[in-house]
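Engineer: First the structure, then my questions, so here it is.
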Amino acid sequence: HQTIYLKDYTPPSFEVLSIDLTIQVHDDHTLVHSKLVMQRLTSGDLTLCGRDLELLNISLNGNVLTPDDYNIDPEQLIIKNAPDQAEFSISVKIHPESNTQLEGLYQAGNLFVTQNEPEGFRKITFFPDRPDVLTVFTTRIEADKKYPTLLANGNLVEKGDLPDNRHFAIWHDPTKKPSYLFAAVIGDLAVLKDSFITMEGRKVALEIYALAQDLPKCHVAMQALKDSMKWDEDVYGRPYDLDNYMIVAVSQFNMGAMENKGLNIFNTVCVLADPEITTDPAMFYVKSTIAHEYFHNWTGNRITCRDWFQLCLKEGFTVFRDQSFSETLQSAAVQRIDDVSSLKSVQFAEDAGPLSHPPRPDHFVEINNFYTATVYDKGAEIARMMANLLGPEKFRQGTDEYFRRHDGQAVTVEDLVDSLSDGSGVDLHHFLPWYSQPGTPCVKGTGHYDASAKTYTLKLSQSTAKRPNYPEPQALPIPVGVALFDKNTGEQLQLQGNALQQNGVKDGLFVLDQAEQTIVFEQIHTEPVVSLLRNFSAPVLLDFAYSDEDLAFLLANETNGFNQWQAAQMLLERILLQGHDPAVYLDAIAQALPQVADTDALLASRLLDIPSESYLASRIDQNFNPAEVHEKREVLLKALADKLKTYWAQAYQALPIVAFEDNSVEMGKRAYRNVVLGFAVRANVEGALDWASQQYDNAVCMTERLGALRQLVWNNAPDAQARLEDFYKRFKHEDLALDQWFAVQAGNPKGNVQLARQLMQHQDFDWSTPNRIRSVTGHFAGNPILVWTQEGMQFYTEIAKRLDQQNPVLGSRILQLLSRWYTLAEPMRSEARTILQALKGQVSSSSVCETLNNLLKA
Ligand code: HT7
Ligand code: ZN
């Protein structure tokens, strides 16, 4: 497999003025005819990408080409001596009915759908399948009338009947787009319709397509779509541009959703929502994914990426936008907690291991392997740092300039930073190294109060671990949110103007951009406690010389819920990773919790987060002993459960089940009730398992039912099996609920590999549906003590091997779960190496091979 380098980028030698596509779907094959009008831009070959295509015929400017006129290999077709103006007619045969990779055009049950990002279009027809070639698409679809739904991007121009019980539809998309945004859908779907009037007064038809039985579950998504459209107008001044916006739900999909122009295709788990089958977090995920894909219309579609190395240009910015939108759906503090929690447990872990890469990688073998937490979530943090530094007004000037300059173009990360800088008048170019340097910087610091001089001196330094390809990491601009609190009263100190400006602290942000810096706060009349990295102002690790008591103070006195949570997490990491005495934490949380729970139950549910075993593992670089980490965490959980034993009982009783309402307050109560139930069971509160059974039986929504089922199954309650059977009977026809049934069993900390294997033998297990596979592999991975056994590792390598041909994108992702094998204590480490090495030679896809090679480099 070939490595591709960012430095080798060259612009396309031809542009495509238009493409007319005809897709003729038949039961056992599909024919694709294309008419491509191309025009030379620079010297160089005329290259059309193509993979797994049977070329039936090709003509150029009216002349049939013979094999002497071109070179063809499994990846491309190169036309010899191409003229400057080239009009091609190309016919190919493809097999969506046997396409299990879920890229290109594939059949999923009774539905044919496309997935073309990043390189799927080349599996539909020959084309310069790269994001910087934009063209106008006209698409004619022909199929049997058993498939009444025929969709493609843009506007419906014509539809009609054909002989042999067939019919056709012609769609024209007036906006130029790259091939990865092309979409077509052929099937038998019901549709939910609505409309939205844009800020320009245009009426947009909104349509969500799903199987008829799923249509009632599309209302939440529809409302989220309208809310997103309004938000993008209000916050970024971006109206929608076409007359229609369609979303199609499909159950077999490799990722969450895809932003195809005007025709989004969604994994059912990201679009269907109903309180009876969808938990609150899953419903939230539907809303934020709808927003994410909608926001791509401006950040991704109208302005796209020049090449795939720039993926974080669209993904990082769009994640930042969907996170900001989500702050309007729940408290901003909890939104930030959830985003940071996922960043730390997934992205920090990725960046600490053999799959570490910069948000803008400089090379890859398989671009599918780079849809990562680093590209998405660290990319979002970079956008956020720049936005915070500018403040809302200047950031808006910057983004206005970006949209003004680059609408209709395929651009780079530099183009974004240039526009933000020029539009706002604030130079942000020193942020560019964040995009091209891997690793999580660590900010270290100390603070000193001088009572006689009335100064508080803060010393901060930064460092990033060296890596083979990055031997000299440079200092980055790290915005550090900072506030001082009076140690005696707990009040936040009002920092005085002059001293602050001299120190470069503006709006509570100090930019650490050297290896070491010192800030002196003057006129500080009482001893302060400093709060740093407020609201997680930068994606860094913080190692500040706090006493445990200082952290307990911040947990009690910080004014922002995120910062309270952060203080608790720092204390917990000290206990779990450095062996600190838990007493300070236990007292502090016991004191803070009841009051927070009364005012903000959602925040209280998050304050009880204990870092996961996987996150803790990511912080241990050698001699990792999963059993030891598990044991320490269990001991702490038990101590916390016991400490508040009487409180759990009262708190649970105070939260009776009430009618379902979809709002942040009620969601908070449901989340808190489930967390409290878990602690009550752990503390052996009398009758707690009975409460779980009653909660299961009386549940009015999935959050309640699943929360209860989890306690019953994970604690091996006498009636666990009966409730599992009941759940199965209730929901056996609801795929997304059944996924939860698999997940709750696969994720059982007291489970084992045998159980996971049995689940994969179950009659409802389905190797063609990634959601079902992930429901077992993803949840089993939550238990490192089970994963890092020989059987556990073999379980994952066997799955990777099986998926290597069938669905390599998924296979590669599942293999990535083993990325921290090299940190294991012996003999586990050697066993892991042997198991991974045994996979070599047994896999051949570029996705799985690249991941395996990277893992073995560790
Ligand atoms: N931009 C989309 C990426 C995506 C994707 C990538 C690889 C394989 C399948 C995929 N499906 C969707 C999703 C997004 O970020 O919005
Ligand atoms: Zn995206």
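The values are calculated or read from the model by the stated rules, or taken from the named source; none is laboratory data. As the structure is a computational prediction, the values presented were derived from the model and not from experiment. Using ideal geometry, Cβ is built from the backbone for each residue, glycine included, and neighbour counts are taken over all protein chains shown.
Engineer: Do we find a residue being farther than 30 Å from residue 353 by Cα and either buried (at least 18 other Cβ atoms within 10 Å of the Cβ) or aliphatic (A, V, I, L, M) (or both) anywhere in the stretch 425-432? I'd like the intermediate steps shown before the answer.
Structural biologist: Step one: filter the stretch 425-432 for residues farther than 30 Å from residue 353 by Cα, giving 425-427.
Narrowing further to those that are either buried (at least 18 other Cβ atoms within 10 Å of the Cβ) or aliphatic (A, V, I, L, M) (or both): 426.
Yes, because at least one residue in the stretch 425-432 is farther than 30 Å from residue 353 by Cα and either buried (at least 18 other Cβ atoms within 10 Å of the Cβ) or aliphatic (A, V, I, L, M) (or both).
Engineer: Output the qualifying pairs, or none if there are none: Cβ atoms under 7 angstrom, residues six or more apart or on different chains, first residue in the stretch 514-534 and in contact (Cβ under 8 Å) with a residue 24 or more places away in the chain, second residue surrounded by 20 or more Cβ atoms within 10 Å (Cβ to Cβ) and hydroxyl-bearing (Ser, Thr, Tyr).
Structural biologist: 521/456; 524/456; 528/456
Engineer: Here's a follow-up. Hey, among the residues in the stretch 80-118 that are of a type in the set (D, E, K, R) and surrounded by fewer than 21 Cβ atoms within 10 Å (Cβ to Cβ), which one's nearest to residue 212 (Cα to Cα)?
Structural biologist: So in the stretch 80-118, the residues of a type in the set (D, E, K, R) come out as 80, 84, 87, 93, 97, 103, 117.
Checking which are surrounded by fewer than 21 Cβ atoms within 10 Å (Cβ to Cβ) leaves us with 80, 84, 87, 93, 97.
Details: 80: 50, 84: 50, 87: 42, 93: 31, 97: 22 Å.
Taking the candidates together, the pick is 97.
Engineer: Go through the stretch 254-313 and count every residue that is acidic (Asp, Glu) and within 12 Å of ligand 2 (Cβ to nearest atom).
Structural biologist: Taking the stretch 254-313 and keeping what is acidic (Asp, Glu), we get 259, 274, 276, 280, 293, 307.
Restricting the remaining residues to those that are within 12 Å of ligand 2 (Cβ to nearest atom) gives 259, 293.
So the answer is 2.
Engineer: With respect to residue 256, determine if the residue is within 25 Å of the chain's Cα centre (by Cα) and on the phi > 0 side of the Ramachandran plot. Outline the logic, then answer.
Structural biologist: Details: within 25 Å of the chain's Cα centre (by Cα): yes; on the phi > 0 side of the Ramachandran plot: no.
For residue 256, the condition - within 25 Å of the chain's Cα centre (by Cα) and on the phi > 0 side of the Ramachandran plot - is not met.
Engineer: Which residues, counting only those in the stretch 555-572, are closer than 16 Å to residue 587 by Cα and under 30 Å from the mean Cα position of the chain (by Cα)? Walk me through it before giving the result.
Structural biologist: Just the residues of the stretch 555-572 that are closer than 16 Å to residue 587 by Cα, to begin with: 555-557, 564-565, 567-572.
Hits for the stretch 555-572 are 555, 564, 565, 567, 568, 569, 570, 571, 572.
Engineer: Moving on. I want to confirm something. Restricting to the stretch 41-54 and keeping residues that are surrounded by fewer than 17 Cβ atoms within 10 Å (Cβ to Cβ) and under 25 Å from residue 30 (Cβ atoms), which single residue is farthest from the chain's Cα centre (by Cα)? Can you show your working first?
Structural biologist: So in the stretch 41-54, the residues surrounded by fewer than 17 Cβ atoms within 10 Å (Cβ to Cβ) come out as 41-45, 52, 54.
Filter again for under 25 Å from residue 30 (Cβ atoms), leaving 52, 54.
Details: 52: 29, 54: 35 Å.
Among those that are surrounded by fewer than 17 Cβ atoms within 10 Å (Cβ to Cβ) and under 25 Å from residue 30 (Cβ atoms), it is 54.
Engineer: Quick one: count up the residues across the stretch 249-266 that are within 13 Å of ligand 1 (Cβ to nearest atom) and surrounded by 22 or more Cβ atoms within 10 Å (Cβ to Cβ). Show your work before the answer.
Structural biologist: We begin by selecting, within the stretch 249-266, every residue within 13 Å of ligand 1 (Cβ to nearest atom); these are 250, 252-261, 264-266.
Now restrict to residues that are surrounded by 22 or more Cβ atoms within 10 Å (Cβ to Cβ): 250, 252-253, 257-261, 264-266.
Qualifying residue count, the stretch 249-266: 11.
Engineer: Which pairs do you get when a residue that is within 16 Å of residue 358 (Cα to Cα) and free of Cβ contacts under 8 Å to residues at least 24 places away in the same chain, found in the stretch 300-325, comes within reach of a residue that is small (Gly, Ala, Ser) and near ligand 1 (Cβ under 10 Å from one of its atoms), reach meaning Cβ atoms under 8 angstrom, with the pair 6+ apart or on two chains?
Structural biologist: Here the result reads 314/300, each pair linking the stretch 300-325 to a residue that is small (Gly, Ala, Ser) and near ligand 1 (Cβ under 10 Å from one of its atoms).
Engineer: While we're on this one: Quick check on this structure: which one of 740, 763, 745, 758 is of a type in the set (S, T, N, Q), free of Cβ contacts under 8 Å to residues at least 24 places away in the same chain and closer than 30 Å to residue 637 by Cβ? Quick ask: steps written out before the conclusion?
Structural biologist: Values: 740 fails: free of Cβ contacts under 8 Å to residues at least 24 places away in the same chain; 763 fails: closer than 30 Å to residue 637 by Cβ; 745 fails: free of Cβ contacts under 8 Å to residues at least 24 places away in the same chain.
The unique qualifying residue is 758.
Engineer: Right, something else. For the condition in contact (Cβ under 8 Å) with a residue 24 or more places away in the chain and surrounded by fewer than 17 Cβ atoms within 10 Å (Cβ to Cβ), what is the one hit in 214, 243, 234? Even if it seems obvious, please write down each step before you answer.
Structural biologist: Working: 214 fails: surrounded by fewer than 17 Cβ atoms within 10 Å (Cβ to Cβ); 234 fails: in contact (Cβ under 8 Å) with a residue 24 or more places away in the chain.
Exactly one residue qualifies, and that residue is 243.
Engineer: Another question, then. Tell me which residues, restricted to the stretch 186-243, are assigned to a loop (DSSP other than H, G, I, E, B) and more than 29 Å from residue 731 (Cβ to Cβ).
Structural biologist: Correct list: 198, 199, 200, 201, 202, 237, 238, 239, 240, 241, 242, 243.
Okay, residues lined up against (1) in contact (Cβ under 8 Å) with a residue 60 or more places away in the chain; (2) touching a His at 6+ places or on another chain (Cβ under 9 Å); (3) assigned by TED's automatic domain parsing to the domain that holds residue 210; (4) assigned to a strand (DSSP E or B):
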{"position": "135", "(1), (2), (3), (4)": "yes, no, no, yes"}
{"position": "150", "(1), (2), (3), (4)": "no, yes, no, yes"}
{"position": "164", "(1), (2), (3), (4)": "no, no, no, no"}
{"position": "168", "(1), (2), (3), (4)": "no, no, no, yes"}
{"position": "175", "(1), (2), (3), (4)": "yes, no, no, yes"}
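Engineer: If residue 801 passes every condition in (1) crowded, with 21+ Cβ neighbours inside 10 Å; (2) of a type in the set (Lys, Arg); (3) touching a residue at least 24 places away in the same chain (Cβ under 8 Å) but one, which one does it miss?
Structural biologist: (1)
Engineer: Quick test of your reading of the structure: residue 120 fulfils all but one of (1) more than 16 Å from ligand 2 (Cβ to nearest atom); (2) in contact with a Gly (Cβ under 9 Å, 6 or more places away or on another chain). Name the failing condition by number.
Structural biologist: With respect to (1) more than 16 Å from ligand 2 (Cβ to nearest atom); (2) in contact with a Gly (Cβ under 9 Å, 6 or more places away or on another chain), residue 120 is out only on (1).
Engineer: Right, another one. Restrict the check to the stretch 837-858 and report whether at least one residue is under 17 Å from residue 743 (Cβ atoms), of a type outside the set (A, V, I, L, M) and away from ligand 1 (no atom under 16 Å from the Cβ). Give the steps one after another, and end with the answer.
Structural biologist: Applying the first criterion (under 17 Å from residue 743 (Cβ atoms)) to the stretch 837-858 yields none.
No, the conditions are met nowhere in the stretch 837-858.
Engineer: Report every pair of residues separated by at least 6 positions or lying on different chains whose Cβ atoms are under 6 Å apart, first residue within the stretch 634-655 and within 10 Å of residue 682 (Cα to Cα), second surrounded by fewer than 14 Cβ atoms within 10 Å (Cβ to Cβ).
Structural biologist: none
Engineer: Quick one: which of 486, 507 is within 29 Å of residue 330 (Cβ to Cβ), surrounded by fewer than 18 Cβ atoms within 10 Å (Cβ to Cβ) and not assigned by TED's automatic domain parsing to the domain that holds residue 340?
Structural biologist: Numbers: 486 fails: within 29 Å of residue 330 (Cβ to Cβ).
So the residue among 486, 507 that is within 29 Å of residue 330 (Cβ to Cβ), surrounded by fewer than 18 Cβ atoms within 10 Å (Cβ to Cβ) and not assigned by TED's automatic domain parsing to the domain that holds residue 340 is 507.
Engineer: Any idea how many residues of the stretch 538-588 are touching a Ser or Thr at 6+ places or on another chain (Cβ under 6 Å) and assigned to a helix (DSSP H, G or I)?
Structural biologist: 2
Engineer: For the stretch 258-275, which residues satisfy the criterion of being under 19 Å from residue 380 (Cβ atoms) and either among the charged types (D, E, K, R) or not in a strand (DSSP E or B) (or both)? Full working, then the answer.
Structural biologist: Here is the first cut: in the stretch 258-275, the ones under 19 Å from residue 380 (Cβ atoms) are 258-259, 270.
Answer for the stretch 258-275, where residues must be under 19 Å from residue 380 (Cβ atoms) and either among the charged types (D, E, K, R) or not in a strand (DSSP E or B) (or both): 259, 270.
Engineer: Okay, moving on. Just to be sure, is residue 622 within 31 Å of the chain's Cα centre (by Cα), within 25 Å of residue 821 (Cα to Cα) and without any contact (Cβ under 8 Å) to a residue 24 or more places away in the chain? Full working, then the answer.
Structural biologist: On the way: within 31 Å of the chain's Cα centre (by Cα): yes; within 25 Å of residue 821 (Cα to Cα): yes; without any contact (Cβ under 8 Å) to a residue 24 or more places away in the chain: no.
Answer is no for this residue.
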